[in-house]
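Peer 1: Quick one: structure below, then a few questions.
The values are calculated or read from the model by the stated rules, or taken from the named source; none is laboratory data. Keep in mind it's a predicted model, so treat the numbers as computed, not measured. Reconstructed Cβ throughout: ideal geometry from the backbone, glycine too, with neighbour counts over all protein chains shown. Heavy atoms of the whole protein, side chains included, go into the accessibility calculation; ligands, DNA and RNA do not. Shrake-Rupley method; radii C 1.70, N 1.55, O 1.52, S 1.80 Å.
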4 protein chains.
Amino acid sequence: MERIGLAVVGAGYWGPNLVRNAQQTPALRLRYLCDLDMDRARGVLGDYSTVKVSGSLDEVLDDPEVHAVAIATPAGTHLKVALQALEAGKHVLVEKPLAANFAEGRRLVETAEERGLTLMLDHTYCYTPAVRRLRELVRGGELGAIQYLDSVRINLGLVQPDVDVLWDLAPHDLSVFDAILPDGVTAESVAAHGSDPIGAGHACVAHLTIRLTGGAMAHVHVNWLSPTKIRTMVIGGSNRTVVWDDLNPGQRLSIYDRGVDRGVARTADREQALISYRVGDMVAPALTEREALRAVMAEFADSIADGRAPLTDGHAGLRVLALLEAASESLRAGGTFVDVRQEILA
Amino acid sequence: MERIGLAVVGAGYWGPNLVRNAQQTPALRLRYLCDLDMDRARGVLGDYSTVKVSGSLDEVLDDPEVHAVAIATPAGTHLKVALQALEAGKHVLVEKPLAANFAEGRRLVETAEERGLTLMLDHTYCYTPAVRRLRELVRGGELGAIQYLDSVRINLGLVQPDVDVLWDLAPHDLSVFDAILPDGVTAESVAAHGSDPIGAGHACVAHLTIRLTGGAMAHVHVNWLSPTKIRTMVIGGSNRTVVWDDLNPGQRLSIYDRGVDRGVARTADREQALISYRVGDMVAPALTEREALRAVMAEFADSIADGRAPLTDGHAGLRVLALLEAASESLRAGGTFVDVRQEILA
Amino acid sequence: MERIGLAVVGAGYWGPNLVRNAQQTPALRLRYLCDLDMDRARGVLGDYSTVKVSGSLDEVLDDPEVHAVAIATPAGTHLKVALQALEAGKHVLVEKPLAANFAEGRRLVETAEERGLTLMLDHTYCYTPAVRRLRELVRGGELGAIQYLDSVRINLGLVQPDVDVLWDLAPHDLSVFDAILPDGVTAESVAAHGSDPIGAGHACVAHLTIRLTGGAMAHVHVNWLSPTKIRTMVIGGSNRTVVWDDLNPGQRLSIYDRGVDRGVARTADREQALISYRVGDMVAPALTEREALRAVMAEFADSIADGRAPLTDGHAGLRVLALLEAASESLRAGGTFVDVRQEILA
Amino acid sequence: MERIGLAVVGAGYWGPNLVRNAQQTPALRLRYLCDLDMDRARGVLGDYSTVKVSGSLDEVLDDPEVHAVAIATPAGTHLKVALQALEAGKHVLVEKPLAANFAEGRRLVETAEERGLTLMLDHTYCYTPAVRRLRELVRGGELGAIQYLDSVRINLGLVQPDVDVLWDLAPHDLSVFDAILPDGVTAESVAAHGSDPIGAGHACVAHLTIRLTGGAMAHVHVNWLSPTKIRTMVIGGSNRTVVWDDLNPGQRLSIYDRGVDRGVARTADREQALISYRVGDMVAPALTEREALRAVMAEFADSIADGRAPLTDGHAGLRVLALLEAASESLRAGGTFVDVRQEILA
């Protein structure tokens, strides 16, 4: 099979990771690292690389040996860069979030579909062994009916100048929810509370409450100001509850046979609710350690080769965008629940 | 000094702890354990006790050697039991929450004040060495301006038949907030989100967002369904941030010199916001290990002897009640912010 | 069934725990707390107790309603106190270690056997739910062949004036080894290394290496000077390895299907060793929380009532003594391996 | 300044890390990756590298643009490869251990000294920010007199075919001891206990007890068979005790003001030892996160440029070898203490 020629666009924070992992993916042939700041691109590649540096997106897209583009530029530029790439007939892998807003994201999805090109989101966490297993546990039914989800992602983080903590961090949590929830369970409405205690100009601490189809509640806590780092997600089910602690490499997933069950006792003259408690064992499944971004690259290459949608396709990116937009509207409205757009999200 | 004669009312979940700690408090003389179910009371005292069992509150209150009553009955009975005790001229220590609603609580506070009697809340956590230190750190100014508070109290807990998880667990968090926040910083409004995935009839998982005077946000997460136990509070300040992990006996408090600072750079033609990061040391102060309920008993005895208000007096109980009532109203209203009553809360 | 009349002797560090748990054991009737320092004994019982205080062991042993004695005096007095009790026809529960040396311990075992009385060691850890399960896992064969044991018990501990850290702390580890190892696997020899960096007059830090029947090695690290507290035991088996972390109440036991296996590959001309790795799941079994000392009391009462040997009988105490004596001899000899006495240890 | 031309020899387990870090060190110019298995070397460099692959050490050493060699071949080959490099006038960085035995190591040290070349050990841990700080804490006197050291390095590790667990893992611990201990404090004798429960042909679990100048004891526990990973070192001092937990990135060092002090009380007629306990705060100093191997490369380049001995020079390597040899002798002798060679170790 011929290797897929790839250009990485953007040599900032995330670009170097794309460059490194692309080079380790046999199905890809990295041809360019493209950045307006060519010195920065050269610095990323180092002194020993045969990969070309370019300061011109036009030049890169004109090269017929470039079949695909991986975009790691700021979200505000995604529409322009990705659209130009798609219109040049290139497959596109794009950093989260898909675009600066839902309308722009939808335009990218539509363009990719019209042209039969792959549009994939780099929802990196969805490709970790832990989330792969979470997806199996939830969708395979082992957890039972999903009762609640709770995600905490706090750290002393880089305060972004252009986006708030919701747009910066919550896409991670929301894309994982999107990947693991069963078909037919989607976010219906969301309420967001935030605060900006340091005067950054936008929320640095935020809480999202999401109402899912069927009534379960999901909650996300993101925080740039925490002195300690926590990255934990709990998914409560009627049969099992699983805790994902991404900072515990020796025990990332813990599956608990613990919970509260409600039954009904029927006596001669009445029915009575009975609460019982399961206090069973915990199982921490063995997971292979693997760099998720390597799997992202492989999925990108495979979906291009097979002409199929990737696991995290443009629609997944659009669903995350729809949630973020509704959350921002809730934030502006003082925390009321706001409906999440459901159009073309299937 | 003569010892203060005490009766404990209620031999259920918490009463035995009151009995045990009262017996170890030199300033108190435990005379009765009172419960309608006298066998239960006898079981609590065991086979080797000289403390009297009574099934009659009247009998206990008629005894002139009983000067004070500690009440550990369900919240719905607090008004009746505590009122009767106050009207009999007895000092009262009452389990949280003060009463079933704000109006009942206010009546107790007013009655105690009219009669010059001590009315104290058993906000046990406020008497732990950790919260004592938190109070000093916050009120003494070491943390700087308070930027946010975040409290998580989740566990596989007893699903209560008569109250939801907010009324069951959040009084702990709210009473600690009340004890440590500086004078003049109070809860202005609260939004509550909850869910009842097991069909218990009321919320088993809940999130509170509280707007404080001055704009800081406090958040509380309480959950009866979690397979793992977490009891953590983070208090973010402009100078230091402290993490209280109540389940880590060797390091309950961690004080971080880490955070985000915002300054302003003035150049010839403009002002520009500058974000800087402090990444300094962490200090875990040595704390003595001491049973908090012992300190509750000592404070109750001392405040009676000195004729002064205890640290957690009726007003503190009333402020917690006001917050809980507003939270319940928010829950019913679908999560909107609801103002917290501020009357006679000083 | 008539309740067994009990006297607790010794109101120092451990005595109060015996008093409290005896009172909560229905099969026992606590009659005396006996201590030369009667004020100390009165302080332990508190102001509300009907239990008698005595300053005279003779008085206590003369009382025909005392059928059994629980001894919590210093080890150096065990021979005298326990012998007097046995000779008075009383069953005896004694704190670890059984006696100050092997000869004294043997005399107690022989006396109890001659008189048909129960002699039980308060090897408290052996009665925790965790060690009960460890015993099942090891003796039931689930772990496979035992490959190694490793126990760490370090803390900022009370530096004892009369015994070194080995005699103070290692009895815990050694009694657990004794309780869980399969029949026929015993300590054959032991080497001990110790140091006394603070000039206490005896070892404050010590390491034991024990050679077991069959060749497996057990190691014990005890330390009075550590600023952090660790109480962990690892038991490596050919099928499973279990880690017991006594300070993690939510996950005291972790059973790992992880390990190294050695096979042999036979090719035409030679045999070759093959190393393979199992990297399977971990299971943390659900354990009930129960105070071990309550189970000690129940076992003491049951073994008396049934006329059978308790789980931790005098022979178990003697085996621990034999190991401690050999370890002390090794310490004096500069760390060489010293054989452990095997006489009447069955 | 001209960049130092470097060749990496050995493309196995560790070589790729040397290659990667050398490329990121401005003072170095990586010219070759040399391995008899040229395909393996090509695989390490990947498809995008301008670094040359060579299968011939002669070719590499003949190149006048190669000034230095970094050796990551098995220990048994160190003498041959390093000697050839030194004789060709190249500076040498060599993986731990320096050589297969003391005699070979000494020959390398002598050869380097005769020729005025840098001979540096890749004792990687010594270049972590944590160990740098440990070195300051110990040698700067903040800890006071060193009372004991305890290092645990256990994991499910690769069972090596040619060396036992001591030679595989303990060099890490011993090289750290060597780097942090004050001048004049060295290992005088060592006792080693080991076991081989899987039939690997050499010890898979081992314990070292080391007697240091002045009487303090150091202990090392290394284990290939543990299902859990622990990498912890405790350094007890008379003023402070520090715990280094290398697996806790947020709190690698914890400095405790906790300990046991011994004083003397003088009364009219006698002197009495007084034991007192310090139970003060703990401080976790902020450490920068930095890849240690980057600092190794920088130190190698700097020591060449400055003509000075590196922090971990050949003598440090020789001291570690002397300890390992004595430990092996103790293992063979059944665990007795064996003196450590002190010749030319200054």
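Peer 1: Consider the range B:23-64. How many of its residues are under 13 Å from B:Val8 (Cβ atoms), among the polar types (S, T, N, Q) and within 11 Å of chain C (Cβ to nearest Cβ)?
Peer 2: Qualifying residue count, the range B:23-64: 3.
Peer 1: Here is a check on your reading of the model: is D:Ala284 open to solvent by less than 30 Å² (accessible area, probe 1.4 Å), touching a Ser or Thr at 6+ places or on another chain (Cβ under 7 Å) and not aromatic (Phe, Trp, Tyr)?
Peer 2: Numbers: open to solvent by less than 30 Å² (accessible area, probe 1.4 Å): yes; touching a Ser or Thr at 6+ places or on another chain (Cβ under 7 Å): yes; not aromatic (Phe, Trp, Tyr): yes.
So D:Ala284 fits the description; yes.
Peer 1: So, in the range A:218-229, how many residues would count as being surrounded by 18 or more Cβ atoms within 10 Å (Cβ to Cβ), within 20 Å of the chain's Cα centre (by Cα) and part of a strand (DSSP E or B)?
Peer 2: 6
Peer 1: Within the range C:322-345, can one find any residue that is in a helix (DSSP H, G or I), open to solvent by less than 10 Å² (accessible area, probe 1.4 Å) and not small (Gly, Ala, Ser)?
Peer 2: Within the range C:322-345, the subset in a helix (DSSP H, G or I) is C:322-332.
Going one step further and asking which of them are open to solvent by less than 10 Å² (accessible area, probe 1.4 Å), we end up with C:322, C:324, C:326-327, C:330.
Next, from what is left, pick out any that are not small (Gly, Ala, Ser): C:324.
Yes, the range C:322-345 has at least one match.
Peer 1: Could I ask something else about it? Kindly provide the set of residues from the range C:201-217 that are open to solvent by less than 30 Å² (accessible area, probe 1.4 Å) and either over 15 Å from C:Ala145 (Cα atoms) or out of contact with any Ser or Thr (no Cβ under 9 Å at 6 or more places or on another chain) (or both), ordered by number.
Peer 2: Taking the range C:201-217 first, the residues open to solvent by less than 30 Å² (accessible area, probe 1.4 Å) are C:203-210, C:212, C:216-217.
Correct list: C:Ala203, C:Cys204, C:Val205, C:Ala206, C:His207, C:Leu208, C:Thr209, C:Ile210.
Peer 1: Go through (1) more than 30 Å from D:Gly250 (Cβ to Cβ); (2) touching a residue at least 40 places away in the same chain (Cβ under 8 Å); (3) open to solvent by 50 Å² or more (accessible area, probe 1.4 Å); (4) away from chain A (no Cβ under 14 Å) and name the single condition B:Asp306 misses.
Peer 2: (2)
Peer 1: Can we say D:Ala301 is open to solvent by less than 30 Å² (accessible area, probe 1.4 Å), in a helix (DSSP H, G or I) and touching a strand residue (DSSP E or B) at 6+ places or on another chain (Cβ under 6 Å)? Give the steps one after another, and end with the answer.
Peer 2: Values: open to solvent by less than 30 Å² (accessible area, probe 1.4 Å): yes; in a helix (DSSP H, G or I): yes; touching a strand residue (DSSP E or B) at 6+ places or on another chain (Cβ under 6 Å): yes.
Yes.
Peer 1: Please work out which residue is farthest from the chain's Cα centre (by Cα), limiting yourself to the range B:237-294 and to residues that are of a type in the set (Gly, Ala, Ser) and within 9 Å of another protein chain (Cβ to nearest Cβ).
Peer 2: At the first step, the residues of the range B:237-294 found to be of a type in the set (Gly, Ala, Ser) are B:237-238, B:250, B:254, B:259, B:263, B:265, B:268, B:273, B:276, B:280, B:284, B:286, B:292.
Subsequent filtering for residues that are within 9 Å of another protein chain (Cβ to nearest Cβ) retains B:238, B:250, B:254, B:259, B:273, B:280, B:284, B:286.
Numbers: B:Ser238: 26, B:Gly250: 23, B:Ser254: 22, B:Gly259: 29, B:Ala273: 40, B:Gly280: 32, B:Ala284: 24, B:Ala286: 23 Å.
It comes out as B:Ala273.
Peer 1: Continuing with this model, one more query. Considering every residue within the range D:268-277, establish whether at least one is touching a residue at least 24 places away in the same chain (Cβ under 8 Å), open to solvent by 30 Å² or more (accessible area, probe 1.4 Å), β-branched (Val, Ile, Thr) and outside any helix (DSSP H, G or I). Can you show your working first?
Peer 2: So in the range D:268-277, the residues touching a residue at least 24 places away in the same chain (Cβ under 8 Å) come out as none.
Within the range D:268-277, not a single residue is touching a residue at least 24 places away in the same chain (Cβ under 8 Å), open to solvent by 30 Å² or more (accessible area, probe 1.4 Å), β-branched (Val, Ile, Thr) and outside any helix (DSSP H, G or I).
Peer 1: If you check A:Arg115 against the conditions, is it basic (Lys, Arg), touching a Lys or Arg at 6+ places or on another chain (Cβ under 8 Å), closer than 28 Å to A:His78 by Cα and in contact (Cβ under 8 Å) with a residue 24 or more places away in the chain?
Peer 2: On the way: basic (Lys, Arg): yes; touching a Lys or Arg at 6+ places or on another chain (Cβ under 8 Å): no; closer than 28 Å to A:His78 by Cα: yes; in contact (Cβ under 8 Å) with a residue 24 or more places away in the chain: yes.
No: the conditions fail for A:Arg115.
Peer 1: If you go through the range B:160-183 one residue at a time, how many are β-branched (Val, Ile, Thr) and open to solvent by 40 Å² or more (accessible area, probe 1.4 Å)?
Peer 2: If we filter the range B:160-183 for residues that are β-branched (Val, Ile, Thr), which is where we start, we get B:163, B:165, B:176, B:180.
Now restrict to residues that are open to solvent by 40 Å² or more (accessible area, probe 1.4 Å): B:163.
Of the residues in that region, 1 qualify.
Peer 1: Report whether or not B:Val109 is crowded, with 16+ Cβ neighbours inside 10 Å and either modelled with pLDDT under 95 or touching a Gly at 6+ places or on another chain (Cβ under 6 Å) (or both).
Peer 2: Considered against the rule, which asks whether it is crowded, with 16+ Cβ neighbours inside 10 Å and either modelled with pLDDT under 95 or touching a Gly at 6+ places or on another chain (Cβ under 6 Å) (or both), B:Val109 comes out as yes.
Peer 1: Moving on. Restrict the check to the range C:28-45 and report whether at least one residue is modelled with pLDDT of 95 or more, under 19 Å from C:Met120 (Cβ atoms) and either open to solvent by 40 Å² or more (accessible area, probe 1.4 Å) or not in a strand (DSSP E or B) (or both).
Peer 2: Yes; the residues of the range C:28-45 include at least one that is modelled with pLDDT of 95 or more, under 19 Å from C:Met120 (Cβ atoms) and either open to solvent by 40 Å² or more (accessible area, probe 1.4 Å) or not in a strand (DSSP E or B) (or both).
Peer 1: Let me ask something else. I'd like the full set of residues that are of a type in the set (D, E, K, R) and within 19 Å of the chain's Cα centre (by Cα), limited to the range C:144-167. If you could, list the steps in order and put the result at the bottom.
Peer 2: In the first step, residues of the range C:144-167 are kept if they are of a type in the set (D, E, K, R); the result is C:150, C:153, C:162, C:164.
Within the range C:144-167, C:Asp150, C:Arg153, C:Asp164 qualify.
Peer 1: Counting just the residues of the range C:141-197 that are in contact (Cβ under 8 Å) with a residue 60 or more places away in the chain and among the β-branched types (Val, Ile, Thr), which one comes out nearest to D:His221 (Cα to Cα)?
Peer 2: It comes out as C:Val152.
Peer 1: I would also like to ask the following. Could you list, in sequence order, all residues of the range C:294-314 that are closer than 13 Å to C:Leu121 by Cβ and of a type outside the set (S, T, N, Q)? Before the answer, list the steps.
Peer 2: Initially, the range C:294-314 is screened for residues closer than 13 Å to C:Leu121 by Cβ, giving C:296, C:299-300, C:303, C:309-314.
C:Val296, C:Glu299, C:Phe300, C:Ala309, C:Pro310, C:Leu311, C:Asp313, C:Gly314, listed by residue number.
Peer 1: Suppose we filter C:Arg319, C:Arg308, C:Arg332 for residues that are at pLDDT 95 or above, charged (D, E, K, R) and within 16 Å of C:Val176 (Cβ to Cβ); which single one remains? Working first, answer last.
Peer 2: Working: C:Arg308 fails: within 16 Å of C:Val176 (Cβ to Cβ); C:Arg332 fails: within 16 Å of C:Val176 (Cβ to Cβ).
Checking each option against the conditions leaves just C:Arg319.
Peer 1: Quick one: would you say C:Lys96 is open to solvent by 30 Å² or more (accessible area, probe 1.4 Å) and over 25 Å from B:Thr50 (Cβ atoms)? Before you say what the answer is, go through the steps one by one.
Peer 2: Working: open to solvent by 30 Å² or more (accessible area, probe 1.4 Å): yes; over 25 Å from B:Thr50 (Cβ atoms): yes.
The answer is yes for C:Lys96.
Peer 1: In the list C:Thr232, C:Thr186, which residue meets the criterion of being at the interface with another protein chain (Cβ under 10 Å from one of its Cβ atoms), hydroxyl-bearing (Ser, Thr, Tyr), open to solvent by 30 Å² or more (accessible area, probe 1.4 Å) and under 16 Å from the mean Cα position of the chain (by Cα)?
Peer 2: Working: C:Thr186 fails: at the interface with another protein chain (Cβ under 10 Å from one of its Cβ atoms).
It is C:Thr232.
Peer 1: Could you tell me which of the residues B:Gly250, B:Gly263 is out of contact with any Phe, Trp or Tyr (no Cβ under 6 Å at 6 or more places or on another chain), of a type in the set (Gly, Ala, Ser) and more than 20 Å from B:Arg231 (Cβ to Cβ)?
Peer 2: Details: B:Gly250 fails: more than 20 Å from B:Arg231 (Cβ to Cβ).
Result of the check over B:Gly250, B:Gly263: B:Gly263.
Peer 1: For the range D:295-319, give me each residue that is basic (Lys, Arg) and over 12 Å from the mean Cα position of the chain (by Cα).
Peer 2: Residues of the range D:295-319 that are basic (Lys, Arg), as a first pass: D:308, D:319.
Listed by number, the list holds a single entry, D:Arg308.
Peer 1: Just to be sure before I move on: is C:Asp257 surrounded by 15 or more Cβ atoms within 10 Å (Cβ to Cβ), in a strand (DSSP E or B) and assigned by TED's automatic domain parsing to the domain that holds C:Arg133 in the structure I sent? Please lay out each step first, then the result.
Peer 2: Values: surrounded by 15 or more Cβ atoms within 10 Å (Cβ to Cβ): yes; in a strand (DSSP E or B): yes; assigned by TED's automatic domain parsing to the domain that holds C:Arg133: yes.
Spelling it out, C:Asp257 is indeed surrounded by 15 or more Cβ atoms within 10 Å (Cβ to Cβ), in a strand (DSSP E or B) and assigned by TED's automatic domain parsing to the domain that holds C:Arg133.
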